[in-house]
Amino acid sequence: ASHVAEESQRLLAARYIVQSQSKGPAVVARCQDADKVVAGGCSADSHPFLLSRSFRWRSLSGEGWECKLVGSEGNSTVRAWAVCLPESFGITASQADNLVAQCRVGQKIIGGGCSTSSEGSFLQRSAPLGNSSWQCGSKGPSPRAEALCVHEGHDSIVVRQTALNWTTAECPQGHFIVSGGCVAKRDSSSQSLQASHPIREAWTCGGGGKQKTAYAVCVPEANYIHDPASMIWQQKLQQQQFQQQRQREAGGWMVSTGSCTVDVVEGRPCAMSPDFPKSYHPEDMCTLVLEDTDAVMLEHFDTEMYFDYLKINNASHSGKFEAKRVELFNKTILWSTDFYSQAKGWKICKAQNEEHPVMTKD
């Protein structure tokens, strides 16, 4: 059994992710050839921004992940992600026509999906429950649940992150994403899932209502980094080289997650969006911690309005402006972008006492 688990762990290092987008109510992201799908994610990018299906797709031609919208018209947009593994990877599927699908004894969860069958019903939960179950939830009749399971000897962890409306659970350093899930706080019928999908080495979760919890199922890379044949080895090596070229701490400011940069400019710390002043990355995020700072100056700022934003205190800043002073009450700030459009980004610096706000609305 240990040999089987060890071989499966090695195959996990060859994970790759396929993304597909379509106009219409449904789309399938397909794995290559006879490769297996181990997990998947969806995003409802058009009104009414509701998902009715995020589920494994199988046919004689292969496997993939299917996403379906609620009550969408032909011009609606939906995206699907399939997390794929080599054909020889051992995986077991367990389905249930109720809220929870459970793995067999001696197995643990690695992925799962949910599907509603009633017209107008939509998903509110599709996420791991403990180490051996996948739980679904919906507005309407109980959805069909599927747990995708592997040998319990696999070395994996589940990371959870809760926040308002939109949140992301990130794999810790030295781990890569294999699956994830999303839960809307089910205290009203307005809670819904709009998006639950991988983003770099993390899982993002968002939708209608307020509180959301994102889950990331992560696998350590330490056992495979010396295997040059694995795609994940090549991918991680490139990421490490990329990160080494970037400054992550200067003048009391620090990049705690993501690929933003910090530097000391004219004696004071400054932070910049990735690749500033070139266009920033789609579907990106980073977190900065600003120590010993009472206020910041948004010296250059150019982002997609509403959708690509820098969250300072409890306010989200987006659009285009210069020389805007913002008082700092929370030392942690967040940068987040969507998939659609990118701009030049931003540069912010620690405000000096003599600098006064050009705009005072915040």
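Give the residue, chosen from 332, 287, that is under 24 Å from residue 167 (Cα atoms), touching a Cys at 6+ places or on another chain (Cβ under 9 Å) and polar (S, T, N, Q).
That would be 287, the only listed residue that is under 24 Å from residue 167 (Cα atoms), touching a Cys at 6+ places or on another chain (Cβ under 9 Å) and polar (S, T, N, Q).
Anything in region 277-288 that is on the phi < 0 side of the Ramachandran plot and surrounded by 15 or more Cβ atoms within 10 Å (Cβ to Cβ)? List them, or say none.
279, 280, 281, 284, 285, 286, 287, 288
So which of 306, 340 is free of Cβ contacts under 8 Å to residues at least 24 places away in the same chain and hydroxyl-bearing (Ser, Thr, Tyr)?
306
With a cut-off of at least 2 residues that are in contact with a strand residue (DSSP E or B) (Cβ under 6 Å, 6 or more places away or on another chain) and among the hydroxyl-bearing types (Ser, Thr, Tyr), name the strands (runs of 3 or more DSSP E) lying wholly within region 251-362.
253-257, 332-336
Which one of 32, 19, 95 is modelled with pLDDT of 85 or more and not in a strand (DSSP E or B)?
None of the other options fit; the residue is 32.
Could you tell me which numbered condition residue 107 fails, if it satisfies all but one of (1) touching a residue at least 60 places away in the same chain (Cβ under 8 Å); (2) farther than 20 Å from residue 143 by Cβ?
Just one mismatch for residue 107, condition (1).
Cβ contacts < 6 Å: first residue in contact (Cβ under 8 Å) with a residue 24 or more places away in the chain, restricted to region 111-125; second residue among the aromatic types (Phe, Trp, Tyr), any location; separation 6+ or different chain. Result?
Final answer for the pair search is 112/134; 113/55; 115/55.
Do we have residue 136 as under 12 Å from the mean Cα position of the chain (by Cα) and open to solvent by less than 10 Å² (accessible area, probe 1.4 Å) here?
Spelling it out, it is not the case that residue 136 is under 12 Å from the mean Cα position of the chain (by Cα) and open to solvent by less than 10 Å² (accessible area, probe 1.4 Å).
Please work out if residue 121 is among the polar types (S, T, N, Q), touching a strand residue (DSSP E or B) at 6+ places or on another chain (Cβ under 6 Å) and under 19 Å from residue 37 (Cβ atoms).
So residue 121 fails the test.
For region 265-276, does any single residue satisfy the condition of being of a type in the set (Phe, Trp, Tyr), exposed (fewer than 13 other Cβ atoms within 10 Å of the Cβ) and modelled with pLDDT of 85 or more?
Checked region 265-276: no residue is of a type in the set (Phe, Trp, Tyr), exposed (fewer than 13 other Cβ atoms within 10 Å of the Cβ) and modelled with pLDDT of 85 or more.
Among (1) under 17 Å from residue 192 (Cβ atoms); (2) touching a helix residue (DSSP H, G or I) at 6+ places or on another chain (Cβ under 9 Å), there is one condition residue 68 misses while meeting the rest; what is its number?
Here residue 68 meets the rest and fails (2).
Given the structure, is residue 82 open to solvent by less than 60 Å² (accessible area, probe 1.4 Å), within 22 Å of residue 213 (Cβ to Cβ), outside any loop (DSSP other than H, G, I, E, B) and in contact with a Phe, Trp or Tyr (Cβ under 8 Å, 6 or more places away or on another chain)?
no
With respect to residue 322, determine if the residue is of a type outside the set (Gly, Ala, Ser) and closer than 23 Å to residue 165 by Cβ.
Against the criterion (of a type outside the set (Gly, Ala, Ser) and closer than 23 Å to residue 165 by Cβ), residue 322 does not qualify.
Please specify each residue of region 98-110 satisfying the condition of being open to solvent by 30 Å² or more (accessible area, probe 1.4 Å) and either closer than 18 Å to residue 178 by Cα or in a loop (DSSP other than H, G, I, E, B) (or both).
98, 99, 104, 105, 107, 108
If a residue has to be aliphatic (A, V, I, L, M) and out of contact with any strand residue (DSSP E or B) (no Cβ under 8 Å at 6 or more places or on another chain) to count, how many in region 199-223 make the cut?
Adding up the residues that qualify gives 1.
The values are calculated or read from the model by the stated rules, or taken from the named source; none is laboratory data. It should be emphasised that the depicted structure is a prediction, and the values quoted were computed from it without experimental measurement. Please note: Cβ atoms are built from the backbone with ideal geometry, for glycine as well, and neighbour counts cover all protein chains shown. When the accessible area is computed, the model is the full protein with side chains, heavy atoms only, and any ligands, DNA or RNA have been set aside. Shrake-Rupley method; radii C 1.70, N 1.55, O 1.52, S 1.80 Å.
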